[in-house]
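The structure under discussion appears below in the form of structure tokens.
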Amino acid sequence: MQKSDEKIPGLVIAGLKGGTGKTVISLGVTAAWRTWDITVAPFKKGPDYIDAGWLAQAAGRPCYNLDTFLCSSNETLNTFQKHTYNADIALVEGNRGLYDGIDTHGRTSTAEIAKLLDLPVLIVLDCTKSTRTMAALLMGCIHFDPHVKIMGVILNQVAGKRHEGKVRDNIRQFCNIPVFGAVPKLSSDDFPERHMGLVPSAEHQLADQSLDAAVKMATAYIDLKTLHQAAIQISQEIFPRDSFAQSVTIARDNQTSDDPVMESETSPRDENISSRITDYAGTQPAPEASQIAPEASHVTPGASQIAPEASQITPGDSQIAPEASQVKPGDSQILDSFCKKTVVDIIEKPVIGIIEKSVIDIIEKPVIGIIEKSVIDIIEKTVVGIIEKPVIDIIEKPVIGIIKDSAFQFYYPDNLEALEAMGAELKFISPLSEKSIPPVDAVYMGGGFPETHAAQLADNESFRKELKSLAARGLPIYAECGGLIFLGKSLTLETHTYPMADILPLNFGLSKRPVGHGYTTVEVVNPNPFYEVGQVIRGHEFRYSSVLDIDYKETEMAFAMKRGKGIIHKKDGFFKNNVFGTYTHIMASGTPVWARAIVKAAISYMKQQNYEIK
């Protein structure tokens, strides 16, 4: 288990393109290590719900997304540090090709994340109908960016021992890095795919059996012990934190869309890395599972001298947070080792107890692995004692209904946790199995696959009618993508049309190819229930649904799309009264105003209902 002054060891599992098998390999490694009582903190690079859901099930704990488009580099670092504190090792699954990003500088790429987190990269090579060329491709990746530490490979889709041997020999001769395993072609029955990738684990009736199959695969074809031990050694011994942190200075807030990634020239590639890894993997006996314990090297003295003592906060500063002057000496060590800004700088725009951003979001330059106390304590118990209290000083918490089942399952853990951090109580509701809606003060509907459950959703007439009635009474409803479809009038699949909730005047169909796919940037241009005019928000969209017809006014579209497609005519964020539907998914850690707005709307509705009862 990670100690307070240690950097968490870990690795990034990447591919040369999408569809190379890195998800199944990541699941197998994660689930297999878990059977050894190794606590794996799983992460998914980029905006993704399905792979993250599988990784969460494999690890037995939530999987968090790391994305430097949706969040700043500091927010990404903080997410990683916060959710690895009580783990033995971190595993980050990349997406698409290792160096694929939004521009020629590689921004938002898996390689960028690896550099930002100082983690080595394990490449999954799809060896289908190829031998020596695999070594050429791998050599290109090794030398393409000297700051990316490629620790080894796993061969995938090998046709047999002869095929495997040829690929191994070429990699050994030309690349001089270890091959940690060779996996044959697997049955698609264990991990079936749909148009957005793997079928979500929540929909896959035999998910546990699939994970068991992944464990058997990893145990049979991957040297898990050596891989684990190598990841620990490499991620803790050969990464100079200062130089690599400088090489990924890509904080979103200080950069225009055309700015290049700043790369340090003071951290040349360790020429001995290949031989060191090869020697390690090839000569060291694989340790017993019980002996695999990450012993991290200690942080150098003086590294903690990056922030003033919390006890030096002036009386004027404490007016922002009355408890600030009561910080104990022990608590000041948290700031001393983790923050660069004072408490006054950390907290932005406190409004009646509603924090614009959590402490962890505003820290300027956190140092990975240098913490005196749990980062979770910093979030749940900030040094000024602010987040211990609900958002509003009331006895009763607002209840936010989360529409969640196999039809609506696309939720970032960050979003749900952000609502709770703002003082809300979450109530999970299923329109597939529940005929009525329990008492709630707001509803959050995430994305999913309503098209695969259209008949069942249509049959639940009482739920649809009650949601429409509550919307007419002013219930705040925030819906993303699949949730937006459910708020519409109907969904047509081929020749059959299914009624939806009929809250927003849209009719939807389903296309065979993606209609909207990728990152989005929106500007808030019209007053609406959740965002202030002038705000610029980053998100993402991925949809096959199409808008067949819509009845709207220009003033009912909150978003103007600066990047992305939106609902229609480069517009998104369709709203009526307190109902808001959008194709743009957001991540709360990058858009903290979102959670505050929903909780604020829920509290307003709750007070209104209490007044009407009286």
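When the stretch 84-95 is filtered for residues that are out of contact with any Ser or Thr (no Cβ under 6 Å at 6 or more places or on another chain), under 19 Å from Gln236 (Cβ atoms) and open to solvent by 10 Å² or more (accessible area, probe 1.4 Å), only Asn86 remains. Summed over the stretch 41-74, the residues that are farther than 13 Å from Leu116 by Cβ and in a strand (DSSP E or B) give a count of 5. Looking only at residues of the stretch 411-450 that are without any contact (Cβ under 8 Å) to a residue 40 or more places away in the chain and touching an Asp or Glu at 6+ places or on another chain (Cβ under 8 Å), we find that the one that is most open to solvent (accessible area, probe 1.4 Å) is Ser433.
For the stretch 540-549, indicate whether the set of residues that are in contact (Cβ under 8 Å) with a residue 24 or more places away in the chain, open to solvent by 30 Å² or more (accessible area, probe 1.4 Å), under 21 Å from the mean Cα position of the chain (by Cα) and farther than 15 Å from Tyr444 by Cβ is non-empty. Yes, the stretch 540-549 contains a residue that is in contact (Cβ under 8 Å) with a residue 24 or more places away in the chain, open to solvent by 30 Å² or more (accessible area, probe 1.4 Å), under 21 Å from the mean Cα position of the chain (by Cα) and farther than 15 Å from Tyr444 by Cβ. Residues to consider are Gly518, Gly573; find the one that is crowded, with 22+ Cβ neighbours inside 10 Å and at positive phi. Testing whether each residue is crowded, with 22+ Cβ neighbours inside 10 Å and at positive phi leaves just Gly573. Within the stretch 75-100, no residue that is over 17 Å from Leu11 (Cβ atoms) and assigned to a loop (DSSP other than H, G, I, E, B) sits with its Cβ atom under 9 Å from a residue that is open to solvent by less than 10 Å² (accessible area, probe 1.4 Å) and aromatic (Phe, Trp, Tyr) at 6+ positions apart or across chains.
As a summary of the residue check, Tyr605 satisfies the conditions (1) of a type in the set (Phe, Trp, Tyr); (2) closer than 22 Å to Pro431 by Cβ; (3) surrounded by 21 or more Cβ atoms within 10 Å (Cβ to Cβ) except for the one numbered (3). You will find that of Phe180, Phe69, the residue that is modelled with pLDDT of 95 or more and farther than 24 Å from Asp223 by Cα is Phe69 and no other.
Among the residues in the stretch 26-35, are any in a loop (DSSP other than H, G, I, E, B), in contact (Cβ under 8 Å) with a residue 60 or more places away in the chain and farther than 14 Å from Val92 by Cβ? So far as the stretch 26-35 goes, no, none of its residues is in a loop (DSSP other than H, G, I, E, B), in contact (Cβ under 8 Å) with a residue 60 or more places away in the chain and farther than 14 Å from Val92 by Cβ. Set side by side, the residues Leu116, Leu138 differ, and just one is of a type outside the set (Asp, Glu), in contact with a strand residue (DSSP E or B) (Cβ under 7 Å, 6 or more places away or on another chain) and at pLDDT 95 or above, which is Leu138. Among the residues of the stretch 451-471, those identified as open to solvent by 60 Å² or more (accessible area, probe 1.4 Å) and in contact (Cβ under 8 Å) with a residue 40 or more places away in the chain are Thr452, Gln456.
The values are calculated or read from the model by the stated rules, or taken from the named source; none is laboratory data. The structure displayed is predicted, hence computed values, not measured ones. All Cβ positions, even for glycine, are placed from backbone atoms using ideal geometry, and neighbour counts span all protein chains on display. Just so you know, the surface numbers come from the protein's heavy atoms only, side chains and all, with ligands and any DNA or RNA stripped out. Shrake-Rupley method; radii C 1.70, N 1.55, O 1.52, S 1.80 Å.
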